Amino acid sequence: MDLLAVALAGVHFALPLAYYSYAKAKWLPRPWNVKIDENYKPKVVVIVPTYNEGLTIRDKLNNLYEQNYPRELFEIIVVDSASEDGTAEKVREWGKEHPDVNLKLLEEPVRRGMNPALNFALKHISKDVEIIIFTDADSYWPPDALRSVVKYFADPIVAAVTTNIVLASREGLRRKEEMGENVYRSYYNNLRVSESKLHSTPVHNGALVAFRFRFIRKINGIPEFTGNNDSTPASIIAFMGYRAIQISDVTTVELLARNNFLRKVRRAQHLLLSFLKTKRYAKKLGIYVKSPFDTIWRIEWWLHVINPWLLVASLSFLIFNLVFYGSVTALVLIGAGLIPLMLKAYRAWIMQQVYLIIAAVRNLWTREIMWSK
Ligand code: GDD
Ligand code: MN
């Protein structure tokens, strides 16, 4: 039984490591194979969904204000869902102070969740807009983010673009320092970019996720079977055979949440729902075509849906052996699994498994389509 436990844990760690090494060696160095054009300057609408973002919204708008993209080609829509902390007021105020910005505030009378709010906002965007971008209120872009993202859309095969991301505390943001799980993030960013070089990545970031508007209309808006506005629509687009990529020439910053644990579980819940439902959804829409993205999808599906449970099984066997048979080997093996927790990257990996496991269980009774801050 100890042997079985070792085998399960072996598979759990070896598979992602092998995948990562392979992707990084074989795919990451590849060229993009898309036409990138710095002079391509289409109309862009940036949409910020807000619910009780009174503390962040002014910083967010100031940050968007610093984008060096032609102002006349760039509109900001804030869609607020009945915030109780004066978010909408602050947006109106900021708008008055910045009459040179094309800013629209949409207010929903009742809160229904982020994706319904975004779908409501989509109805207010004219069809000649080429690109729409979703961005969370608690995330920040470098000044050239828009330019860098948009240039990839010069190629009609590209229909979704997201960026690298790091986490920072409010103070860290001021000091422009990276922190926390950023060791893990670099593994994660590398993997997403590698997948994108081959074709597309199924995991996008809500700090900045850009879509060719036409595609979002074609899939009838943001699906509401999951709470996310990034990974699911991007994956549907990849299933259409178009590219949904993470680029590495922009790194956005996301503020660490006060309750990071719950946030991570909720996100894992949404991601799991995405892996469980998106492919079928794409097929039902009749837009699915076979592409190299299928391989990436299968592997990531395994890594998110199945792989965490190998660790659970392995640990259960060892604990069983220890408790019922007093197995010293089991004790040593458990120790061997715990000691590397001193390493940040290992700890981040284990935590990710914990989030995915709790998320899978939690999805049985709540999908967290609406969440508290
Ligand atoms: N209009 C509106 N209505 N906006 C909302 C609502 C709502 O009911 N609920 C949340 N938002 C806004 C928040 O104000 C924020 O700007 C953004 O949606 C993301 O919400 P957060 O509360 O910051 O959650 P998060 O950081 O965990 O969100 C991330 O996870 C989601 C998927 O699980 C983001 O990356 C999302 O983009 C991602 O889809
Ligand atoms: Mn957030």
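The values are calculated or read from the model by the stated rules, or taken from the named source; none is laboratory data. Computed from a predicted structure; not experimentally measured. Glycine gets a Cβ as well: all are built from the backbone with ideal geometry, and neighbour counts include every protein chain shown. In case anyone asks, the SASA skips ligands and DNA or RNA and just uses the protein heavy atoms, side chains included. Shrake-Rupley method; radii C 1.70, N 1.55, O 1.52, S 1.80 Å.
Indicate the gyration tensor shape class of the range 52-127 (rounded, prolate or oblate), computed on the Cα atoms with a ≥ b ≥ c the square roots of the eigenvalues: a/c under 1.5 is rounded; otherwise a/b larger than b/c is prolate and the rest oblate. It is oblate, given that a/c is not under 1.5 and a/b is not larger than b/c.
When DSSP beta bridges are limited to those with both residues in the chain, what percentage is antiparallel, rounded to the nearest 5?
Values: 9 of 37 bridges.
Among the beta bridges of the chain, antiparallel pairing accounts for roughly 25 percent.
For the chain, the dipole from Cβ point charges (+1 on Lys and Arg, -1 on Asp and Glu) about the Cα centre works out to 980 debye, to the nearest 20.
The base-10 log of I(q)/I(0) for the chain, evaluated at q = 0.08, 0.10, 0.12, 0.14 Å⁻¹, reads -0.42, -0.65, -0.92, -1.23 [Debye formula, identical scatterers on Cα atoms, solvent excluded].
Normalised per residue, the accessible area of the range 28-296 is 39 Å², obtained with a 1.4 Å probe and no contribution from ligands, DNA or RNA. Shape descriptor for the range 75-117: Rg over Rh equals 1.00 (Cα atoms; Rh from the Kirkwood inverse mean 1/r). Among Met342, Met114, Met351, the residue with the largest mean-square fluctuation in a Gaussian network model of the chain, with springs joining Cα atoms closer than 10 Å, is Met342.
Full extension of the chain between Val328 and Asn39 yields a length gain of 97.4 nm, computed as 0.36 nm times the residue separation minus the alpha carbon distance. Per residue, the convex hull spanned by the alpha carbons of the range 92-224 comes to 161 Å³.
If I compute solvent accessible area with a 1.4 Å probe over the protein chains, what percent of it on the range 28-296 is carbon and sulfur? All intermediate terms of the calculation are to be shown ahead of the outcome.
Values: 5450 of 10540 Å².
Answer for the range 28-296 is 52 percent, counting heavy atoms of protein chains only.
For the chain, modelled as a GNM whose springs connect Cα atoms under 10 angstrom apart, the maximal fluctuation among Tyr140, Tyr288, Tyr40 occurs at Tyr40.
Ranking Ile47, Ile157, Ile350 by solvent-accessible area of protein heavy atoms (1.4 Å probe, all protein chains present), from largest to smallest, gives Ile157, Ile350, Ile47.
Distance from the C-alpha centroid of the range 93-139 to that of the range 347-373: 28 Å, rounded to the whole angstrom.
Compare Leu256, Leu271, Leu343 in a GNM of the chain, Cα atoms joined below 10 Å, and give the one with the largest fluctuation. Comparing Leu256, Leu271, Leu343 in a Gaussian network model of the chain, the most mobile one is Leu343. Tell me, rounded to the nearest percent, the portion of alpha carbon pairs in the range 276-373 spaced more than 23 Å apart. Tail of the P(r) past 23 Å holds 49 percent of the pairs.
Computed across the range 220-319, the Kirkwood hydrodynamic radius from all distinct Cα-Cα pairs reaches 15.5 Å.
Modelled spin-label separation between Leu28 and Ala345, with each label point placed 7 Å from Cα along the Cα-to-Cβ direction: 1.0 nm.
Rounded to the nearest 10 degrees, the inclination of helix 87-97 to the longest alpha-carbon principal axis of the chain is 40 degrees.
The range 299-331 and the range 12-81 have Cα centres lying 38 Å from one another.
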